[in-house]
Amino acid sequence: MKKPTGLGRGLSALLDDADQRVGKKPVGTGASVERLSISSIKPNPSQPRRQFDDGALDELAASITEKGVLQPILVRPVDGGYQIIAGERRWRAAQKAQLHEIPAIIQSFDDEAVAEIALIENIQREDLNAIEEARGYKALADNYGHDQATIGKLVGKSRSHIANMIRLLDLPGDVASMLMRGDISMGHARAVLTAEDPVGLAKAIVAQGLSVRDAEVRAKNGKATKSKGKEGAKATHPVDADLKALESQLGDMLGLKVRIVHGKTGGKVQLAYRTLDQLDMVCQRLSGEPI
């Protein structure tokens, strides 16, 4: 089978949907391009991308100096000026190239459409680091009520991918910074999430060059050691592969970190939530109410 390409339904399809929501004509090949003053354009404060590589911007600026801006940016009218929907990197590079104007397509989109388009454009171009991507998914869930399945369809990713990305937001700040810088990988980060001392394990990964498998083993062994050292001795239980699989399955379904502790006389299921909206979602699922 031919591997599908593109991102979900594609950015152009999303633009059409967004236009229909706000009663505008779709943006297509016939859309007019205008030249706008760079000073009249402001970045989107909800832009999921927060880091811009200076070296890459300098290279793009050099290309723009030689050939101009080949692809117009997408903006919407805001407060007498314009706000960027897609193309902030080109806008920043154009400033470095000391341009006074930039080609742009002007469309009126609501806040939800802007958030969706900005996230999709960045993911499509692979411009986001893992934490920025996770924050983008969480914003779509928290601000606009999208569940993980809907977000997955929107960006062409599986629901489990969305859930795993959002769980990265549970990382301590120091560890999240390591992930954003590329000091540790996604696999390392997922192992660190299960550790008793996430920061200590992350530092060990960097200092000792641990593989993802090594990190997973250390995270597991650290928990076992702590359990054995507890006073008196509640019997410790080996990690059961079926329980770990069930934790992962429940976590993907709920978008939350799930921990299952099972013993001879029973056990408990722990759900870790970050916001009251997430708690409300769990309550609705347990009560059978529609979400």
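The values are calculated or read from the model by the stated rules, or taken from the named source; none is laboratory data. For clarity, every value in this text was computed on a predicted model and none was experimentally measured. Neighbour counts run over all protein chains shown; Cβ positions are idealised from the backbone, glycine included.
Return the residue satisfying two criteria in turn: it lies in segment 128-182 and is among the basic types (Lys, Arg) and under 25 Å from Leu276 (Cβ atoms), and of such residues it is modelled with the highest pLDDT. The selected residue is Arg167.
Considering segment 252-275, and only residues there that are out of contact with any strand residue (DSSP E or B) (no Cβ under 7 Å at 6 or more places or on another chain) and charged (D, E, K, R), the residue that is farthest from Leu286 (Cα to Cα) turns out to be Lys264. Taking the criterion of being without any contact (Cβ under 8 Å) to a residue 12 or more places away in the chain, polar (S, T, N, Q) and assigned to a helix (DSSP H, G or I), the only residue of segment 140-175 that qualifies is Thr150.
For segment 189-202, the criterion of a residue being among the aliphatic types (A, V, I, L, M), outside the structural domain of Glu112 (by TED's automatic domain parsing), touching a Pro at 6+ places or on another chain (Cβ under 8 Å) and within 24 Å of Leu254 (Cβ to Cβ) is satisfied by at least one position. Restricting the search to segment 176-210, which residues are assigned to a loop (DSSP other than H, G, I, E, B), within 18 Å of Asn221 (Cα to Cα) and among the β-branched types (Val, Ile, Thr)? Matches in segment 176-210: Thr194 only.
Counting the residues of segment 164-195 that are among the charged types (D, E, K, R) and surrounded by 14 or more Cβ atoms within 10 Å (Cβ to Cβ) gives 4.
Within segment 54-70, the set of residues being over 15 Å from His100 (Cα atoms) and assigned to a loop (DSSP other than H, G, I, E, B) comprises Leu70 only. For the structure I just gave you, tell me whether Ala13 is buried (at least 19 other Cβ atoms within 10 Å of the Cβ) and either at pLDDT below 90 or in a helix (DSSP H, G or I) (or both). Considered against the rule, which asks whether it is buried (at least 19 other Cβ atoms within 10 Å of the Cβ) and either at pLDDT below 90 or in a helix (DSSP H, G or I) (or both), Ala13 comes out as no. Only a single item in (1) without any contact (Cβ under 8 Å) to a residue 40 or more places away in the chain; (2) surrounded by fewer than 17 Cβ atoms within 10 Å (Cβ to Cβ) is not met by Gly87, and it is number (2). Against the list (1) among the aliphatic types (A, V, I, L, M); (2) assigned to a helix (DSSP H, G or I); (3) over 28 Å from Leu168 (Cβ atoms); (4) in contact (Cβ under 8 Å) with a residue 40 or more places away in the chain, the condition Leu119 fails is (3).
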